[in-house]
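Novice: Before anything else, here's the structure in question.
The values are calculated or read from the model by the stated rules, or taken from the named source; none is laboratory data. What you see is a predicted model, and the numbers here were worked out from it, not measured in a lab. Using ideal geometry, Cβ is built from the backbone for each residue, glycine included, and neighbour counts are taken over all protein chains shown.
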Amino acid sequence: MKDGVCIHSPLLKLGIQDNLLLTNNLLSLYAKCFGVQHARHLFDEMPERDVVSWTGVLSAYVKDGNHDEALRFFDLMKASGETPNEYTFSNVLRSCSTLRNLAYGTKVQACLIKLGVESNPILCSSLIELYSKLDFSEEAVSVFNAMENGDTVSWTAMISSFVQAGKWARALRFFTRMIQERVSPNEYTFVKVLGACSFLGINYGKLIHAQLSVWGVRLNLVLKTALVDMYAKSQKMEDALKIVNQTSEQDVQLWTTLITGFTQNSNFKEAISAFRQMVGNNIVPNNYCYAGILNVCSSIRLLQLGKQVYTQVIVAGLANDVSVGNALLDFYTKTSKTVEDVTHVFKAIVSPNVVSWTTLIAGLSARGFQDDCFLAFLEMRLVGHRPNSFTLYSILEACGTKGAPKETMKIHGFVIKTNADSDINVGNALVDAYVGTHMVDCALSLVKQMKNRNIITYTVLASKLNQRGYHRLALEIVNCMRDDDVKMDGFVISGLLSASADLGDVRTGKQLHCHSVTSGFVGWKSVLNGLIDFYGKCGCVSDAQKAFDEIPEPDIFSWNGLIYGFAHNRLTTSALSALEDMRLAGARPDSFTLSTVLFACSQDGLADLGVEYFHSLRELYDIKPQLSHCNLLVDLLGWAGRLEEAVSLVESIPFIRNNASIYKRLLCACKLHGKLLLGEEIARRGLELDPHDLEFYVVLASIYDEAGRSDLGENMRRLVREGGLRKSSVFSFVANC
């Protein structure tokens, strides 16, 4: 650089600064070494300029990323009367592509036609790139067809345009044409075609891989990365790993692609192992790699490893990178127990983008912090970030979960104002939110107003109506789908079967069964699970068993449906036998399984067996005890007269012994067996938790009456009539009794 600049002074002293060849070379030197501003200053001082001078400065603007100034400079060039050449036009079209300026690009194309250079391969490739970026693939095809002799670059550009537009089969057909035309593909051609094969299937990918050998293309890092990506997206991680080890060349992009592949295929341990191996090979991770490994830590809740990775991020100086910040935020929303940790991580992101805000809102919603979620959405809008469809989906999900009608209507208003209702996913989320807040009329009205309705719209509507108890309305969805010519799929059929089961509508359920057979959905696991649930609840246990037997690999819902069907129909032995079959098959019983088993035991008064299952299933499968479990077991022990054991159970579980409702069940059991003293003690404990619950007084009064102490029973009723439910007076009364 210094030697080059030193030549400028002798040029002036010798008086040969007007020599265009020399000054153009000097102009190029300034542009490369000092930047476009110094080059422009020299250009403005040049007494004579030619197309090389103009193109040199224009190219410097483009390389510098100053595309607006590049187009203004091109306008000056045309005004000067200088005729652009193919390199000039190529740079201008590159700026148009980056700026997505179609109007200027078409003007340039008109100039090319006037000058008769519209079939130039370099310019055609630039035009193809322009139209491809703007999703005008047919216009790109027209430009390509107008070329006299397409070269490798233009063919590759055309294939790239189809891949970018998601027309992968067409990209592959163009590659086939390219081979037939005897145009040699290069490494970039194969990279683009492999990108298409990632979506077309592994068989196509293997054929293209074989073509690499046929054409003798060297397996460099770019191709290795593309092959690894293709095999990873085809769920062939063993083949992807073979490609990585095929040559010794490695870089951070290759390892990041491999780690991402393991993550996408849920091979989280392998992803962590690959990350450690990469670091062991002295390859420094970049921001995307750190973001990827943090996503792994989020997926499997590895809190300590996530913190260690974050420490490495700080050491690498990437703590302010927004992609790393977003991944860290996602990690903390899934692993942290407090809102404070999540908000602290969010505030540490220097320039949060829409992804950051969406991650925060979605994370808060998923953890049950709906109020904080609403505040975050409001703050996002106040700072000027426009929510995207994912943001709106997350906030609407929070509205439905919270049961917040006012917030739902406000979000709906915002959706209409911003024209976001044209996105069918946002519309479906609104339907979900309205049903979730029990605003069923609004949900149905919204569905009618939606310009586009798809199978997801009706799946959401049917499932949510069913969950909220609107079973008859859920079944009426079939007529709406018929009017819209939307065919039912397995998920809708499953939801409608559930509605039929809860209504006991055998006729509709059997019609749905027939439809699932004729439409080919009877093999879906969700449909078969729905049939198990339907037939079990409607008393057709043998049909439920048949549906279960058709499932190759029953899941937890299959087993629970079968066990519940047996228990619901008082077939206790069959229910408990199905439980043992479930355990032998390797399926893990869950909370619902335990509830169903306890319900089955209560049908025949099998107290000992119920207690055994309660303790064994909890210990073996780490099932957290819930109020529903304890209610069932207390009822079972209560009916068996084992009240002291029931009280001991309640006292052994902290969150249960602080629940007043469980003591009412115990008190009713005391009434059943005439346990006066124990009834008084249980009433006292229950009233400590809820002194204003009238049921305690009523049941206790009844116990006194049956024990021949009607005077005490009348005193209890008098306390209720007089409203004397003060805590101190009631406790002293019970104590004195």
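Novice: Quick one: what pairs do we get from the range 677-693, first residue in contact (Cβ under 8 Å) with a residue 24 or more places away in the chain and farther than 17 Å from residue 717 by Cα, second in a loop (DSSP other than H, G, I, E, B) and not aromatic (Phe, Trp, Tyr), C-beta under 7 Å, 6+ apart or different chains?
Specialist: These pairs meet every condition: 689/658.
Novice: How about the range 404-458: which of its residues are among the small types (Gly, Ala, Ser) and either surrounded by 15 or more Cβ atoms within 10 Å (Cβ to Cβ) or modelled with pLDDT of 85 or more (or both)?
Specialist: If the condition is that a residue be among the small types (Gly, Ala, Ser) and either surrounded by 15 or more Cβ atoms within 10 Å (Cβ to Cβ) or modelled with pLDDT of 85 or more (or both), then 404, 413, 420, 427, 429, 433, 436, 443, 445 are the ones that fit.
Novice: Condition first: crowded, with 16+ Cβ neighbours inside 10 Å, at pLDDT below 90, more than 30 Å from residue 312 (Cβ to Cβ) and of a type outside the set (Gly, Ala, Ser). Can you find one or more residues in the range 183-196 that meet it?
Specialist: yes
Novice: Right, something else. For the range 156-167, check the following and say yes or no: at least one residue is of a type in the set (Lys, Arg), modelled with pLDDT of 80 or more and assigned by TED's automatic domain parsing to the domain that holds residue 84.
Specialist: Taking every residue of the range 156-167 in turn, none turns out to be of a type in the set (Lys, Arg), modelled with pLDDT of 80 or more and assigned by TED's automatic domain parsing to the domain that holds residue 84.
Novice: Here is a further query. Restricting attention to helices (runs of 4 or more DSSP H) lying wholly within the range 554-658, give those where 2 or more residues are of a type in the set (Gly, Ala, Ser), surrounded by fewer than 22 Cβ atoms within 10 Å (Cβ to Cβ) and touching a helix residue (DSSP H, G or I) at 6+ places or on another chain (Cβ under 7 Å).
Specialist: So the answer is 591-603.
Novice: Then there's this: Can you tell me which of 576, 594 is touching a residue at least 24 places away in the same chain (Cβ under 8 Å) and in contact with a His (Cβ under 8 Å, 6 or more places away or on another chain)?
Specialist: Of 576, 594, the one residue that is touching a residue at least 24 places away in the same chain (Cβ under 8 Å) and in contact with a His (Cβ under 8 Å, 6 or more places away or on another chain) is 594.
Novice: Does residue 80 satisfy being touching a Leu at 6+ places or on another chain (Cβ under 7 Å) and within 21 Å of residue 57 (Cβ to Cβ)?
Specialist: Taking the combined requirement at face value, the residue does not satisfy it.
Novice: Also, quick follow-up: Tally up the residues in the range 451-473 that are under 24 Å from the mean Cα position of the chain (by Cα) and farther than 24 Å from residue 530 by Cα, please.
Specialist: So the count comes out to 2.
Novice: Assuming residue 146 fulfils every condition listed in (1) at pLDDT below 80; (2) in the same structural domain as residue 66 (by TED's automatic domain parsing) apart from one, which condition is it?
Specialist: (2)
Novice: Could we say that residue 719 is outside any loop (DSSP other than H, G, I, E, B), surrounded by 13 or more Cβ atoms within 10 Å (Cβ to Cβ) and either acidic (Asp, Glu) or modelled with pLDDT of 85 or more (or both) here?
Specialist: No; evaluated as a whole, the condition is false for this residue.
Novice: Looking at (1) under 20 Å from residue 509 (Cβ atoms); (2) surrounded by fewer than 18 Cβ atoms within 10 Å (Cβ to Cβ), which is the one condition that is false for residue 473?
Specialist: (2)
Novice: May I pose another question? Does residue 248 meet the test of being assigned to a helix (DSSP H, G or I), out of contact with any Asp or Glu (no Cβ under 6 Å at 6 or more places or on another chain) and modelled with pLDDT under 90?
Specialist: no
Novice: A further question on this structure: Out of 505, 549, which single residue is within 24 Å of residue 575 (Cα to Cα), buried (at least 18 other Cβ atoms within 10 Å of the Cβ) and of a type in the set (D, E, K, R)? Let's see the steps before the verdict.
Specialist: Details: 549 fails: buried (at least 18 other Cβ atoms within 10 Å of the Cβ).
Going through 505, 549 in turn, just one is within 24 Å of residue 575 (Cα to Cα), buried (at least 18 other Cβ atoms within 10 Å of the Cβ) and of a type in the set (D, E, K, R): 505.
Novice: Pick from the range 213-225 the residues that are part of a helix (DSSP H, G or I) and at pLDDT below 90: which of them is farthest from the chain's Cα centre (by Cα)?
Specialist: Applying the first criterion (part of a helix (DSSP H, G or I)) to the range 213-225 yields 213-214, 221-225.
Filter once more, so that each one left must be at pLDDT below 90: 213-214.
Details: 213: 38, 214: 40 Å.
Out of the qualifying residues, it is 214.
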